[in-house]
Structure formats: C-alpha cells, structure tokens
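Novice: The structure under discussion is supplied below as structure tokens; questions concerning it will follow.
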Amino acid sequence: MKRRQLVQGAAALGALSVAACSSSNSPSQSQSPSSNERFRWKMVTTWPKDFPGMGTGANRLAERITRMSGGRLTVTVYGANELVPPFEAFDAVASGTAEMAHSAAYYWKGKAQAAQFFGGVPFGMSAIELNGWLYYGGGLALWEEVYAPFGVLPFPAGNTGVQMGGWFNREINSVDDLRGLKMRIPGLGGEVLQKVGGLAVNIPGAEIFTALKTGTIDATEWVGPWNDLSFGLHQAAKYYYTPGWHEPGTPLECIVNAQAFAALPEDLQEIVRVACQAIYLDMYAEYTLRNQDALRSLVDEHGVELKTFPTEVIEVLRTASEEVISGIAAQDEMSARVYDSYRAFLDKARWWTANSEQTYLRLRTPA
Ligand code: CA
C-alpha cells in the first residue's frame, strides 16, 4: 500500500517531467533545453559524514544528481562540521555558502516556527499519511512558502518512518517520572516535554552518546533502532521505549538555494526534484528493513529492555501536544495557515487510515 502510493507518486512526477520535456522540444525552441554549462554544488548536512541512513542517503542523493545529469551538475557532500556546524546548514544555504543541504525542518524553528510542521509532529501524521499531504494535499506548497523569505527551496528527501520513544536511564511509570527529566528531544516533542515538566535539550547527533553516558542528560531520543544501535545508545541507557509519539513519520529535507536553483536549466532542475523524490522513497524503504533487523539485534543480542509508555503518560503527552501545537499556530499567520492545512488533512487521514491500514493491521497475524 505504502509502496504503491509512493511509486504512483514517482510515476506521476515522471509523467510531469516527460510533459515538460516534450513541451520544451516544440519547434519554436530548436536548441536543446539543456546547456552544456557545468555546475558544481556543495551539499552540507546536519548529520555526521556517512552516518547510516541520513548521511548515506545524502551521499546517494548527491551521487544520483551527479550521474543523472551526466556530470553537468556535480554535488559534493560535506558532513556536519566539515564546512559549517550542523545547525548552520540552513544559513549556509540561504547565504549561498553551500547550494544545498540535507537536514530536517524542525531544526529551523528559530527561523520560522511553521517549519516544525514539516518535521516530526507529536501524535501527527504517519509517514504514509504525510506523503499524501506533502505531494497531493498542499503541504509542500506551504513548506515552500515558509522557506521563501530566506531564499531557500525545500524538497522532501527521506523519511525515517515512525521513530522510537527513546532511551531512558530510569523507568517511566507515571507522569511524575517525566518531571525534571533532562532529555535530548528537538522540535515540537521537546516543547511538549517542557510542558509536562521535563527539560528538553537539542544537541547534534554526534554528541548524544557522550551526553547520555556522562549523565549530562537523563534520556534521549534519536531516530530508531538502526541509527540508535550505530550510536551505541544501548550502552548508555537501559530502557528503550516505543513508540516515538513525538515523531510518527519524520520527513527529511533537501534544501536548495533558490537563486542557484533558478540558474539551472530546466532539465537539471527536474533532475534535482526527481532525485529528491527518489531518495525519499529509497531512505524510507531502507529504514523499514534496517530498523526491524536492528531492533532484533538490540533485544536478542544486547539484552535491551523494550518498553511501552503507560497509557496515562501517553494521554497526558497527547493533551500537552495539542496545546503546544495550537499555541504555535497562534504565534504567526504562516504557522496558522500550515496548522489549518495539516490539521484538516490529518482529520481526513485519521478516518481513512482507521478504515484501511489500521483495520487491516489489526486483522493480520500478530507478531
Ligand atoms: Ca528523532
């Protein structure tokens, strides 16, 4: 189901690009739509170089653009801190220091509050629901509007699927256990934690293990089993909670300097667009496989204790999430518009999912 929708989306985009091609091949434009001009772009990332999933996905995106363009647009990837620090990736693209970046939208809430709706939204849409909103429900157009004042163009470029609830060095049996809890949790999830009495911090991925191991933080979320295992987080905290209520289907982004994009011939623009959509599916598919294998390994080989949050805790977090999200919507006009669109789509998706995937998954042979 998920795959079919994505494939159909990719096919639709392919059809668009064919249409664009044939129109520009009309007799009135006898010269080739592609110039021979060569472009060299830098891609900075918020991830450590070659980090499994996000880093390797960014590498693959760069390689595909380079190959699909026959070398007319070559993209060189820089890991976090190689060219700029991770959380300066947005500014680097806005200023043109780098033409593109691979990152996640919630890191840029200091630039625009509304960006958070394009990262993980607590108790929000699943990855498959989000695809519908982004590509066909007006979500991507709103995302473009949010970044437009900065001269930056967003492209969805990866999805982690549902994340995990995180690593805790003490059990979470009631809401009281969240009070005073110092946890690495970015974006809206972090604001929700603050609201229920926790202390949210945002630190780059590469620093999480040490912070947790040394007790600088009491808990952390990162991504899911695949990425969490590769950071060795099971060696720093005992309890692994599911699910990632705060990030039910986080899209990753490729952001591009709008002027640099406008300077590309139309076919190279389309290559960037389609390569991003291809990597979106590619990363989502790879996360699905690697996460299931890594969770097995964490539980069976590393003795990790897998736990679910008590219902009482989830209910408090859900209520707090609604307050936080509607509070953000009230902050500025753009946030209100994105919230309205997100909310309306989620309400429709909730009903459709309940009558399709959710019903089916309840009926399938249990794990
Ligand atoms: Ca996360």
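Novice: How many angstrom lie between the C-alpha centres of the stretch 248-266 and the stretch 294-356?
Specialist: Value for the Cα centre distance between the two parts: 26 Å.
Novice: Still on this structure: Would you mind computing, in nm to one decimal, how far apart the modelled labels at residue 141 and residue 355 are, each placed 7 Å from Cα along Cα→Cβ?
Specialist: 2.6 nm
Novice: Accessible area per residue of the chain at 1.4 Å probe, in Å²? Working shown, then result.
Specialist: On the way: 16150 Å² over 367 residues.
Computed with neighbouring chains in place, this is 44 Å² per residue.
Novice: Next up: Cβ under 10 Å from residue 170's Cβ, residue 170 left aside: what net charge do those residues give with Lys, Arg +1 and Asp, Glu -1?
Specialist: Details: positive: 238; negative: 171, 177, 218.
With Lys, Arg at +1 and Asp, Glu at -1, the net is -2.
Novice: Further question: Within the stretch 174-193, what residues put their amide N at less than 18 Å from the label point 7 Å along the Cα-to-Cβ vector of residue 199?
Specialist: 176-187, 190-193
Novice: For the stretch 249-257, in order, what is each residue's ³J(HN,Hα) by Karplus, 6.51 cos²θ - 1.76 cosθ + 1.60 with θ = phi - 60°, in whole Hz (x at glycine and Pro)?
Specialist: x, 7, x, 9, 10, 10, 10, 10, 5
Novice: Here's another thing I want to ask about it. Is the shape of the chain best called rounded, prolate or oblate, per the rule: a/c under 1.5 gives rounded, else a/b larger than b/c gives prolate, else oblate, with a ≥ b ≥ c the square roots of the Cα gyration tensor eigenvalues?
Specialist: Working: a/c = 1.73, a/b = 1.58, b/c = 1.10.
Prolate.
Novice: Additional query: So if we plug the beta-carbon distance of residue 319 and residue 285 into 1/(1 + (r/R0)^6) with R0 = 30 Å, what FRET efficiency do we get, rounded to 0.05? Numbers along the way, then the final one.
Specialist: Details: r = 34 Å, r/R0 = 1.15.
About 0.30, to the nearest 0.05.
Novice: What are the ³J(HN,Hα) values, in whole Hz, obtained from phi via the Karplus relation 6.51 cos²θ - 1.76 cosθ + 1.60 with θ = phi - 60°, for each residue of the stretch 214-225 in sequence order, with x given for Gly and Pro?
Specialist: Each residue of the stretch 214-225 in turn: 8, x, 4, 10, 8, 7, 8, 10, 9, 9, x, x Hz.
Novice: Here is a further query. Percent of accessible area on the chain owned by carbon and sulfur, 1.4 Å probe?
Specialist: On the way: 8560 of 16150 Å².
The nonpolar share, carbon plus sulfur, comes to 53 percent.
Novice: Let me ask another. Assign one of three labels to the stretch 248-333, namely rounded, prolate or oblate, based on the Cα gyration tensor with a ≥ b ≥ c the square roots of its eigenvalues; rounded applies when a/c is under 1.5, prolate when it is not and a/b is larger than b/c, and oblate otherwise.
Specialist: Values: a/c = 4.50, a/b = 1.37, b/c = 3.29.
In terms of gyration-tensor shape, oblate.
Novice: Give the separation of the Cα centroids, the stretch 138-203 to the stretch 31-73, in Å.
Specialist: 28 Å
Novice: List the GluC sites (Glu not before Pro) in the stretch 170-215 that DSSP assigns to loop (not H, G, I, E or B) and whose Cβ has at most 16 other Cβ atoms within 10 Å. Which are they?
Specialist: On the way: sites: 171, 191, 207; in loops: 171.
Within the stretch 170-215, the qualifying GluC sites (Glu not before Pro) (loop, at most 16 other Cβ atoms within 10 Å) are 171.
Novice: Over the chain, what is the percentage of antiparallel beta bridges among all DSSP beta bridges, to the nearest 5?
Specialist: Antiparallel: roughly 45 percent of the beta bridges in the chain.
Novice: When the chain is treated as a GNM, springs tying every alpha-carbon pair under 10 Å, which of 237, 104, 330 comes out with the largest mean-square fluctuation?
Specialist: 330
Novice: Another one. Under the definition of Cα pairs under 8 Å and six or more residues apart, what whole-number percent is the relative contact order of the chain? The partial results should precede the final answer.
Specialist: Details: 631 pairs, mean separation 82.9, N = 367.
Over the chain, the number comes to 23 percent.
Novice: Can you give the accessible area of residue 293 in Å² (nearest 10), computed on protein heavy atoms with a 1.4 Å probe?
Specialist: Taking all protein chains as shown, residue 293 has close to 90 Å².
Novice: With each label point set 7 Å from Cα along the Cα-Cβ vector, what nm distance links residue 170 and residue 343?
Specialist: 3.6 nm
Novice: At 7 Å along Cα-to-Cβ for each site, give me the label-to-label distance between residue 74 and residue 262 in nm.
Specialist: Modelled inter-label distance: 2.7 nm.
The values are calculated or read from the model by the stated rules, or taken from the named source; none is laboratory data. Values in this document were obtained by computation on a predicted structure and should not be read as measured data. Cβ: placed from backbone, ideal geometry, glycine included. Neighbour counts: every protein chain shown. Ligands, DNA and RNA are stripped out before the accessible areas are found, and what is left, the full protein with its side chains, is counted by its heavy atoms. Shrake-Rupley method; radii C 1.70, N 1.55, O 1.52, S 1.80 Å.
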